[in-house]
1. Taking residue A:144, is it more than 7 Å from chain B (Cβ to nearest Cβ) and either surrounded by 18 or more Cβ atoms within 10 Å (Cβ to Cβ) or over 30 Å from residue A:5 (Cβ atoms) (or both)?
2. Can you report the number of residues in the stretch A:68-88 which are buried (at least 20 other Cβ atoms within 10 Å of the Cβ) and more than 28 Å from residue A:306 (Cα to Cα)?
3. Considering only the stretch B:97-128, how many residues are of a type in the set (Phe, Trp, Tyr) and within 24 Å of residue A:63 (Cα to Cα)?
4. Looking only at the stretch B:147-163, which residues are surrounded by 20 or more Cβ atoms within 10 Å (Cβ to Cβ), facing chain A (nearest Cβ under 9 Å) and not β-branched (Val, Ile, Thr)?
5. Of the residues in the stretch A:109-127, how many are facing chain B (nearest Cβ under 7 Å) and among the aliphatic types (A, V, I, L, M)?
6. Among the helices (runs of 4 or more DSSP H) lying completely within the stretch A:214-326, list those that include at least 3 residues that are modelled with pLDDT under 95.
There are 2 protein chains.
Amino acid sequence: MLILTSQEDVTADMVVVHLNASGVPVVRLDPADLTGTVALSAEYVHGAFRGHLSSAGRLVSLESLRSVWVRRPGTAAARAPEPSAWLTEEASQALYGMLRGSGARWMNHPDAARRARHKPWQLRLAQSSGLPVPATLITTFPQAARDFAERYPDLVVKPVSGAHPQDPPRAVPTTRVPPGVDFAAVAYGPTLLQRRVAKRADIRLTAVGDRLLAARKATAPDGDPDVVDVRFAPSTAPWHPVDVPPRLAEAVRTYLREAELAYGAFDFAEDADGTWWFLECNQSGQFGFVEVETGQPISRTIAEWLAGPGPQHHSRHADCCGSAAP
Amino acid sequence: MLILTSQEDVTADMVVVHLNASGVPVVRLDPADLTGTVALSAEYVHGAFRGHLSSAGRLVSLESLRSVWVRRPGTAAARAPEPSAWLTEEASQALYGMLRGSGARWMNHPDAARRARHKPWQLRLAQSSGLPVPATLITTFPQAARDFAERYPDLVVKPVSGAHPQDPPRAVPTTRVPPGVDFAAVAYGPTLLQRRVAKRADIRLTAVGDRLLAARKATAPDGDPDVVDVRFAPSTAPWHPVDVPPRLAEAVRTYLREAELAYGAFDFAEDADGTWWFLECNQSGQFGFVEVETGQPISRTIAEWLAGPGPQHHSRHADCCGSAAP
């Protein structure tokens with residue numbers, strides 16, 4: 001199997017330990033090293049395809065590839081002797097174009113990963129999958145925002161896209177909307193308003209294939225109700241493993257199937273009734289901190305999925321080219 | 001229906017003429033005008049989704065949207081009063097995220113369009129669809145290039161990705177490989193080598209849904225055999241309509257179905273035996289010049305596809321969110 005990631009990636013290291021213990025051959029490479037320590041070759045002759053990758057002297061044939069784990073790959077050819085936008089484009093097209101034709105299983109497929117980042121699409125899919133979604137408005141119409149705030153007076157505002165594109169990217173906290181806001185400024189940029197869930201706990205549900213591993217972190221009873229974003233709250237309660245309600249598990253699996261994701265980190269807010277409200281699903285969400293606090297075997301489960309034998313899961317993305325001739 | 005394109009787009013104008021004649025309501029907008037003359041709103045309440053777009057005062061509901069034609073859209077919010085990378089990201093996520101949840105038919109869906117640009121993937125899909133593909137090698141191994149050149153002495157070299165990322169982008173011509181080349185330089189960047197087809201004509205096959213419109217341009221008998229790229233050859237013979245051989249038509253439809261493309265411009269090289277060799281499929285290829293020279297009704301066919309009634313073609317990309325509640 002193949003791992004696309006940078007050299008400094010301790011989370012990948014956790015998974016590689018399990019893969020090595022199981023004896024599965026692993027090739028790890030960073031696309032940034034292309035035309036340096038990474039080389040590739042693909043031949044299309046007489047209707048057949050043969051491909052090879054080599055990284056630091058290890059050669060892997062694309063036909064033998066079971067799975068590709070897209071962890072934190074660098075920009076293709078970024079560390080080439082003479083990097084350029086042109087070389088990056090050529091190297092990226094060559095590498096990912098070859099891999100897309102390989103028939104390997106992906107965690108996650110680049111197309112599915114890209115689509116999964118769209119928050120408006122996430123909300124719609126969560127709804128149609130049967131997950132509870134807090135009332136949400138995304139708008140550039142000030143009047144639509146005012147009407148919404150009248151119906152749902154207790155609101156939070158968050159970015160549509162996620163992280164601010166700084167270098168390094170900066171997470172933008174979810175914040176409460178103070179009463180009496182005018183909303184005229186939404187005309188200058190799409191704004192996501194969401195009914196605030198009065199939560200008693202945060203839920204992180206990590207999905208690996210069909211396995212769902214959920215953890216719960218109780219909200220501090222004396223917590224500041226204005227701090228709604230767990231990433232910016234002072235850490236008090238620890239994460240504990242928690243069972244996933246069967247109906248919710250079914251909805252999560254529907255979501256993953258429709259999204260064509262093999263991995264997803266779901267964030268829910270648990271309210272006083274015990275309902276888990278869908279906030280988002282991050283297809284590349286970190287899992288190291290949950291594994292460390294809860295002892296849940298996330299990295300081992302990922303290793304098992306990656307090492308799993310064929311035939312591949314029926315993926316819509318891969319099946320066009322799955323039957324590679326010898 | 002919705003057209004995403006820039007204001008100066010005469011090819012889109014050709015299609016709009018036919019749409020207007022048929023009385024189908026058309027909203028045309030450029031994502032670059034977001035938060036200026038373009039506004040959007042999407043509401044997720046009680047498991048239902050309602051979305052609206054407005055452009056220059058015309059309002060369209062996403063539930064009523066039959067189709068989206070992605071022609072030449074500008075960068076989202078590029079013409080906003082205070083453009084920024086952050087605003088572009090937010091506006092792009094909001095617009096495309098909403099549209100992805102709309103259930104409309106796409107020409108072409110952004111995911112399918114992005115995937116279709118990968119040349120190595122195109123070659124593999126063309127092979128598995130039953131299209132004749134000239135022997136091709138993509139490699140960074142000099143020895144692999146040398147071995148290939150021994151088996152196929154008459155080669156052309158072309159870019160893996162297509163256009164050079166200049167501003168404006170520059171097309172890189174396909175060129176013949178002179179004999180005795182050493183190939184040591186392929187180690188510095190992936191190189192695509194392909195057996196040269198001794199062609200007697202270029203074929204442009206424009207596919208619109210299930211309709212295939214092919215045109216043929218004979219190679220000048222005294223043409224320079226070193227000029228292999230029709231885009232850079234002096235134009236002598238005109239484009240003429242030509243019938244598509246039934247087996248080839250079947251392979252092209254397989255390709256389009258697997259690629260999930262509603263539109264594709266295929267380039268083939270016809271050899272002395274009359275075989276059409278697959279060179280590439282451009283999912284956003286121009287069609288105006290073929291329509292003008294051949295009189296083939298390409299823009300009318302596109303208009304008919306876009307105006308076509310539901311139920312939508314069973315698209316893998318759209319079906320997760322196709323059942324929008326009222």
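The values are calculated or read from the model by the stated rules, or taken from the named source; none is laboratory data. Quick caveat: nothing in here was measured; it's all calculated off a predicted structure. Here Cβ is always computed from backbone atoms with ideal geometry, including for glycine, and neighbour counts include all displayed protein chains.
1. Numbers: more than 7 Å from chain B (Cβ to nearest Cβ): no; either surrounded by 18 or more Cβ atoms within 10 Å (Cβ to Cβ) or over 30 Å from residue A:5 (Cβ atoms) (or both): yes.
No.
2. 1
3. 1
4. B:148, B:159, B:161
5. Final tally of qualifying residues: 2.
6. Values: elements: A:246-259, A:288-294, A:298-307.
Hits in the stretch A:214-326: A:288-294.
Each row is one residue, and each column tells you yes or no for (1) without any contact (Cβ under 8 Å) to a residue 24 or more places away in the chain; (2) within 10 Å of chain B (Cβ to nearest Cβ).
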{"residue": "A:11", "(1), (2)": "no, no"}
{"residue": "A:15", "(1), (2)": "no, no"}
{"residue": "A:24", "(1), (2)": "no, no"}
{"residue": "A:28", "(1), (2)": "no, no"}
{"residue": "A:31", "(1), (2)": "no, no"}
{"residue": "A:41", "(1), (2)": "yes, yes"}
{"residue": "A:48", "(1), (2)": "no, yes"}
{"residue": "A:54", "(1), (2)": "yes, yes"}
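Each row is one residue, and each column tells you yes or no for (1) at the interface with chain A (Cβ under 7 Å from one of its Cβ atoms); (2) of a type in the set (D, E, K, R).
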site: B:83; (1), (2): no, no
site: B:97; (1), (2): yes, no
site: B:100; (1), (2): yes, yes
site: B:129; (1), (2): no, no
site: B:132; (1), (2): no, no
